[in-house]
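Colleague: Structure in structure tokens, see below.
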Amino acid sequence: MERTKNTFFLARHGATTYNDQQIFMGRLDISLNANGREQARLLGQELKDKAIDLIYSSPLLRAKETAVIAMGQMERPLPVFETSEALMERSLGELEGRHKKKYRQELPFYKGKSILYDYDLVPAGGESYAGVAARIGSFLEFLDGEWSGKRILLITHHGPLRVILTKFWGMGWVETYPVAKPLCRLIAGT
């Protein structure tokens, strides 16, 4: 990551029923399921020795619950915890609530297109990855302006993680998919 003032750690939220059922969530506010709560607990165990100073999460329930559960496993004093809309998942508009394997059949516009790999594709009523990149970039600049020498954990979603890995860690767009896909996996940065 090109940031030099702080050390960033990244994690995607824990599992939800919609993850298990392969349903697009986007901005739908879905809670963690039992597996997701256990994943968040294990993430907290992994974070015990990381001396995290600040945790920022998306305000969507699945990310916020992940942060709160993980914090419960961390050493005292607990890190400062805040939410930021900049870390919200990409709005998928008309795709939210649809099955990931059926949307191309249900909506002809998407035939031959990939909502996961086409960086500039904007779902009707949604946002492109470029839009996500703009808000994430501004947020990371804010963090570097606000803090110095801190260890900051960002708990977010698949889309924002891919953008961070591409725009700020220099990974290729396609190679970010398998790195950002696992739920509740800690990605350490610099």
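Colleague: Exactly one condition in (1) of a type in the set (Val, Ile, Thr); (2) surrounded by fewer than 20 Cβ atoms within 10 Å (Cβ to Cβ); (3) not in a loop (DSSP other than H, G, I, E, B) is not met by residue 122; state its number.
Modeller: Going through the list (1) of a type in the set (Val, Ile, Thr); (2) surrounded by fewer than 20 Cβ atoms within 10 Å (Cβ to Cβ); (3) not in a loop (DSSP other than H, G, I, E, B), residue 122 breaks only (3).
Colleague: Only one of 179, 163 is under 24 Å from residue 41 (Cβ atoms) and surrounded by 15 or more Cβ atoms within 10 Å (Cβ to Cβ); which?
Modeller: Every option except 179 fails the conditions.
Colleague: Which residue out of 174, 132 is surrounded by 19 or more Cβ atoms within 10 Å (Cβ to Cβ) and within 18 Å of the chain's Cα centre (by Cα)?
Modeller: Sole residue among the options that is surrounded by 19 or more Cβ atoms within 10 Å (Cβ to Cβ) and within 18 Å of the chain's Cα centre (by Cα): 132.
Colleague: Kindly evaluate residue 156 against the criterion of being of a type in the set (Val, Ile, Thr), in contact with a helix residue (DSSP H, G or I) (Cβ under 6 Å, 6 or more places away or on another chain) and surrounded by fewer than 21 Cβ atoms within 10 Å (Cβ to Cβ). Break it down into steps so the answer makes sense when it comes.
Modeller: Values: of a type in the set (Val, Ile, Thr): yes; in contact with a helix residue (DSSP H, G or I) (Cβ under 6 Å, 6 or more places away or on another chain): yes; surrounded by fewer than 21 Cβ atoms within 10 Å (Cβ to Cβ): no.
No: the conditions fail for residue 156.
Colleague: Please state which one of 85, 46 is over 26 Å from residue 134 (Cβ atoms) and not hydrophobic (A, V, I, L, M, F, W, C).
Modeller: Exactly one of 85, 46 is over 26 Å from residue 134 (Cβ atoms) and not hydrophobic (A, V, I, L, M, F, W, C), namely 46.
Colleague: Still on this structure: Would you point out which residue out of 41, 12 is of a type in the set (Lys, Arg) and either at pLDDT below 95 or under 12 Å from the mean Cα position of the chain (by Cα) (or both)?
Modeller: 12
Colleague: May I pose another question? If only one of 93, 97, 126 is in contact (Cβ under 8 Å) with a residue 60 or more places away in the chain and touching a helix residue (DSSP H, G or I) at 6+ places or on another chain (Cβ under 6 Å), which one is it?
Modeller: 126
Colleague: For the range 140-154, state whether one or more residues are assigned to a strand (DSSP E or B) and out of contact with any Asp or Glu (no Cβ under 7 Å at 6 or more places or on another chain).
Modeller: Looking for residues that are assigned to a strand (DSSP E or B) and out of contact with any Asp or Glu (no Cβ under 7 Å at 6 or more places or on another chain), one finds at least one in the range 140-154, hence yes.
Colleague: Could you tell me whether the range 71-85 includes any residue that is touching a residue at least 60 places away in the same chain (Cβ under 8 Å), in a helix (DSSP H, G or I) and of a type in the set (A, V, I, L, M, F, W, C)? Before the answer, list the steps.
Modeller: Of all residues in the range 71-85, those touching a residue at least 60 places away in the same chain (Cβ under 8 Å) come to 79.
If we keep only those that are in a helix (DSSP H, G or I) too, we end up with none.
No; the residues of the range 71-85 include none that is touching a residue at least 60 places away in the same chain (Cβ under 8 Å), in a helix (DSSP H, G or I) and of a type in the set (A, V, I, L, M, F, W, C).
Colleague: Still on this model: Being among the hydroxyl-bearing types (Ser, Thr, Tyr) and either outside any strand (DSSP E or B) or touching an Asp or Glu at 6+ places or on another chain (Cβ under 8 Å) (or both) is the filter here, so list the residues in the range 1-19 that pass it.
Modeller: Hits for the range 1-19 are 4, 16, 17, 18.
Colleague: So which residues in the range 20-58 are part of a helix (DSSP H, G or I), of a type in the set (A, V, I, L, M) and in contact with a strand residue (DSSP E or B) (Cβ under 8 Å, 6 or more places away or on another chain), if there are any at all?
Modeller: The answer is 43, 47.
Colleague: Looking only at the range 72-108, which residues are under 19 Å from residue 155 (Cβ atoms), among the hydrophobic types (A, V, I, L, M, F, W, C) and surrounded by 19 or more Cβ atoms within 10 Å (Cβ to Cβ)?
Modeller: 74, 86, 87, 88
Colleague: If you don't mind, there's one more thing I want to ask. I'm checking my understanding of the structure. Among residues of the range 155-180 that are assigned to a loop (DSSP other than H, G, I, E, B) and more than 13 Å from residue 117 (Cα to Cα), which one is modelled with the lowest pLDDT?
Modeller: Applying the filter and picking the extreme gives 169.
The values are calculated or read from the model by the stated rules, or taken from the named source; none is laboratory data. Because the structure is a prediction, the values reported are computed rather than measured. Heads up, the Cβs are rebuilt from the backbone with ideal geometry, glycines too, and the neighbour counts pull from every protein chain shown.
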